[in-house]
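Asker: Please find one structure pasted underneath; my questions will follow.
The values are calculated or read from the model by the stated rules, or taken from the named source; none is laboratory data. Note that the structure is a prediction, hence the values are computed from the model and not measured. No Cβ is skipped: glycine too gets one built from the backbone with ideal geometry, and neighbour counts run over all protein chains shown.
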Amino acid sequence: MPNRHSLAEKIQRAIESAKREGAIHALLYIDLYNFSVINDTSGHMAGDELLKQFARLLLEITGPSDFVARIGNDEFALLLFCVNYDKAMALAEQILEIIKDFSIPWEGEVLKVGASIGGIMVDNEALSDIDLMISAGSSCAAARDKGRNKIHFQSFNEEVAKRRSLATSMPKIVSALDEDRFTLFAQPITALNRGIALPKYYEILVRMRDSDGTILPPSEFIPVAEHFSLIDDLDKWVFKNALKFLLKLNSQGLPLPTLSVNLSGSTVGDENAIDYILAGFSDSGISPKHIQFEITETAAVKHLPEAKRLIATLRSVGVSFALNDFGSGLSSFAYLKELPIDCLKIDSSFIQTMDNSEVDYSVVSTINHLGHIMGVNAVAEAVENKKQLELLKKIGVDYIQGFLVQHPEPLNKLLQL
């Protein structure tokens, strides 16, 4: 079959005709499920035969003017000329139905695959073959996130608008960092066992002040900071200013709380992070016991060797660690025993539905029980109503956090400074 290079040439011609004649085309990106499993269990000859037969199917259902290419190990692309959205979607649905019924016999077994299909329309706003391939791949990833055998279509204009928005926002974050226009908010984490006297405990949250003084929520700048690799600088700013706040309390002779500070996956994977964190404690004189770092299980799993080293090194000097959004990934329980953490923060999606779902209630109970077996505290995030609170008390969760307790407020105001 034609390869990615041949497809790129065809896409460029499609872009030219769209700009010159106003024609509209479509690009479908197909990613097969289970192909690597078939290769591993039934052998490469079986995998090759499956690909050949699947390619024949694609050629049979496409028109004479359409272009079919194999662009990866188990990835295919279809460039459909002069079609509208409805026709492109109809063909994508037809392909999906064929894939559902598609199988090949092999040495007494029946080999089957599934697929994710991403689609993007090619119009006169298209910039290049590379942009279109990236956008089609992004649509395919969105389809994959929906589950097996799904389709996701995205207009190119939508993708371009998203990228332009990111590019416009990036200088604002750089300016905010340069001009110190970020500010710390905090939300209390409250012990359910009122009989135990514990130091005050807060999660630190960051907000950005726009040039006109407007406070912007994390959704307005965190994705952009991650996209343009500015999240490391933001992590450093939050940590430095959390220490400055503790120094301010200390200078007034006030008791120091525990501040829980989020670390991004980028910082978890940064081999220099340990050095600047230790230097922060050394320079400030603040005891590491007053800082807890929160890392998401996704970041921990993605950077597992670095996460284990970071946690082990910093815990040895007194820092505690919380694993955030626990339970949101399939790997949660498998990796937990490899990470020496102090606290599990149960993913909010389970808390928000536990009062209406026996399954989610059981998940929360199981996570809490597992944490206690391992000597780890459990925090329920996003607690919003009294029914959830009563269920969490019944389960025996250690801490709660959420709007039922208190909305996030500026750090100085929350601690009355």
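Asker: What number goes with the only condition from (1) in contact with a strand residue (DSSP E or B) (Cβ under 8 Å, 6 or more places away or on another chain); (2) touching a residue at least 24 places away in the same chain (Cβ under 8 Å) that Leu389 does not pass?
Answerer: The number of the failed condition is (2).
Asker: Answer yes if at least one residue in the stretch 254-265 is in contact with a helix residue (DSSP H, G or I) (Cβ under 7 Å, 6 or more places away or on another chain), part of a helix (DSSP H, G or I) and of a type outside the set (D, E, K, R), and no otherwise.
Answerer: yes
Asker: Kindly evaluate Lys345 against the criterion of being without any contact (Cβ under 8 Å) to a residue 24 or more places away in the chain and either charged (D, E, K, R) or within 28 Å of Asn241 (Cβ to Cβ) (or both).
Answerer: Numbers: without any contact (Cβ under 8 Å) to a residue 24 or more places away in the chain: no; either charged (D, E, K, R) or within 28 Å of Asn241 (Cβ to Cβ) (or both): yes.
Here the answer is no, as Lys345 does not meet what is asked.
Asker: Filter the stretch 10-33 down to residues that are surrounded by fewer than 16 Cβ atoms within 10 Å (Cβ to Cβ), in contact (Cβ under 8 Å) with a residue 24 or more places away in the chain and of a type outside the set (S, T, N, Q) and give me whichever is nearest to Met89 (Cα to Cα).
Answerer: First, pick out the residues of the stretch 10-33 that are surrounded by fewer than 16 Cβ atoms within 10 Å (Cβ to Cβ): 12-13, 16, 19-22.
The next check asks that each one be in contact (Cβ under 8 Å) with a residue 24 or more places away in the chain; those that pass are 12, 19, 22.
From the residues that got through so far, the ones that are of a type outside the set (S, T, N, Q) too are 19, 22.
Values: Lys19: 22, Gly22: 20 Å.
Per the stated criteria, the residue is Gly22.
Asker: Restricted to the stretch 20-77, and to residues that are touching a Cys at 6+ places or on another chain (Cβ under 8 Å) and β-branched (Val, Ile, Thr), which residue is nearest to Asp123 (Cα to Cα)?
Answerer: Ile24
Rundown of residues vs (1) modelled with pLDDT under 95; (2) out of contact with any helix residue (DSSP H, G or I) (no Cβ under 7 Å at 6 or more places or on another chain), yes/no style:
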residue	(1), (2)
Ser332	yes, no
Val376	yes, yes
Val383	no, no
Gln388	no, no
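Asker: Take the residues of the stretch 34-75 that are in contact (Cβ under 8 Å) with a residue 40 or more places away in the chain and polar (S, T, N, Q): which is nearest to Ala90 (Cα to Cα)?
Answerer: Of everything passing the filter in the stretch 34-75, Gln53 is nearest to Ala90 (Cα to Cα).
Asker: Considering only residues of the stretch 282-320 that are assigned to a helix (DSSP H, G or I), within 14 Å of Pro340 (Cα to Cα) and hydrophobic (A, V, I, L, M, F, W, C), which is modelled with the lowest pLDDT? First the steps, then the outcome.
Answerer: Start the filter on the stretch 282-320 by keeping residues that are assigned to a helix (DSSP H, G or I), which leaves 282-284, 288-290, 297-302, 304-315.
If we keep only those that are within 14 Å of Pro340 (Cα to Cα) too, we end up with 297, 300-301, 304-315.
Still in the running and hydrophobic (A, V, I, L, M, F, W, C): 300-301, 304, 307, 310-312, 314.
Details: Ala300: 85, Val301: 79, Leu304: 87, Ala307: 92, Leu310: 96, Ile311: 96, Ala312: 95, Leu314: 97.
The qualifying residue modelled with the lowest pLDDT is Val301.
Asker: Next up: For the stretch 208-231, how many residues are free of Cβ contacts under 8 Å to residues at least 40 places away in the same chain, out of contact with any Leu (no Cβ under 9 Å at 6 or more places or on another chain) and part of a helix (DSSP H, G or I)? Steps first, please.
Answerer: From the stretch 208-231, those free of Cβ contacts under 8 Å to residues at least 40 places away in the same chain are 208-219, 222, 229, 231; that's our starting set.
Next, from what is left, pick out any that are out of contact with any Leu (no Cβ under 9 Å at 6 or more places or on another chain): 211-217, 219, 229, 231.
Subsequent filtering for residues that are part of a helix (DSSP H, G or I) retains 219, 231.
Of the residues in the stretch 208-231, 2 are free of Cβ contacts under 8 Å to residues at least 40 places away in the same chain, out of contact with any Leu (no Cβ under 9 Å at 6 or more places or on another chain) and part of a helix (DSSP H, G or I).
Asker: Another question about this same structure. Of the residues Leu323, Leu339, Leu344, which single one is assigned to a loop (DSSP other than H, G, I, E, B), aliphatic (A, V, I, L, M) and within 27 Å of Gly402 (Cα to Cα)?
Answerer: On the way: Leu323 fails: assigned to a loop (DSSP other than H, G, I, E, B); Leu344 fails: assigned to a loop (DSSP other than H, G, I, E, B).
Only one candidate qualifies: Leu339.
Asker: For the stretch 276-305: of the residues being touching a Phe, Trp or Tyr at 6+ places or on another chain (Cβ under 8 Å) and over 19 Å from Ser320 (Cβ atoms), which is surrounded by the fewest Cβ atoms within 10 Å (Cβ to Cβ)?
Answerer: Leu304
Asker: With Glu75, Glu16 as the choices, which residue is closer than 22 Å to Asp129 by Cβ, out of contact with any strand residue (DSSP E or B) (no Cβ under 9 Å at 6 or more places or on another chain) and not β-branched (Val, Ile, Thr)?
Answerer: Working: Glu75 fails: out of contact with any strand residue (DSSP E or B) (no Cβ under 9 Å at 6 or more places or on another chain).
Checking each option against the conditions leaves just Glu16.
Asker: Still on this structure, please answer the following. Answer yes if at least one residue in the stretch 28-45 is of a type outside the set (Phe, Trp, Tyr) and closer than 21 Å to Cys82 by Cα, and no otherwise. Walk me through how you get there before you give the answer.
Answerer: Here is the first cut: in the stretch 28-45, the residues of a type outside the set (Phe, Trp, Tyr) are 28, 30-32, 34, 36-45.
Going one step further and asking which of them are closer than 21 Å to Cys82 by Cα, we end up with 28, 30.
There is at least one residue in the stretch 28-45 that is of a type outside the set (Phe, Trp, Tyr) and closer than 21 Å to Cys82 by Cα.
Asker: Now for a separate question. Surrounded by fewer than 18 Cβ atoms within 10 Å (Cβ to Cβ) and either under 25 Å from Leu339 (Cα atoms) or over 23 Å from the mean Cα position of the chain (by Cα) (or both) - does that describe any residue in the stretch 216-224?
Answerer: No, the stretch 216-224 contains no residue that is surrounded by fewer than 18 Cβ atoms within 10 Å (Cβ to Cβ) and either under 25 Å from Leu339 (Cα atoms) or over 23 Å from the mean Cα position of the chain (by Cα) (or both).
Asker: With of a type in the set (S, T, N, Q) and under 22 Å from His152 (Cα atoms) as the only criterion, which of Asn3, Asn34, Asn39 stands out?
Answerer: Numbers: Asn3 fails: under 22 Å from His152 (Cα atoms); Asn39 fails: under 22 Å from His152 (Cα atoms).
Exactly one of Asn3, Asn34, Asn39 is of a type in the set (S, T, N, Q) and under 22 Å from His152 (Cα atoms), namely Asn34.
Asker: Are any residues in the stretch 283-303 charged (D, E, K, R) and either in contact (Cβ under 8 Å) with a residue 40 or more places away in the chain or in contact with a strand residue (DSSP E or B) (Cβ under 7 Å, 6 or more places away or on another chain) (or both), and if so, which ones?
Answerer: Initially, the stretch 283-303 is screened for residues charged (D, E, K, R), giving 283, 289, 294, 297, 302.
Glu294, Glu297, listed by residue number.
Asker: Criterion first (of a type in the set (Lys, Arg), modelled with pLDDT under 95 and in contact with a helix residue (DSSP H, G or I) (Cβ under 8 Å, 6 or more places away or on another chain)) does Lys200 satisfy it? Even if it seems obvious, please write down each step before you answer.
Answerer: Numbers: of a type in the set (Lys, Arg): yes; modelled with pLDDT under 95: yes; in contact with a helix residue (DSSP H, G or I) (Cβ under 8 Å, 6 or more places away or on another chain): no.
Judged against the criteria, Lys200 is not a match.
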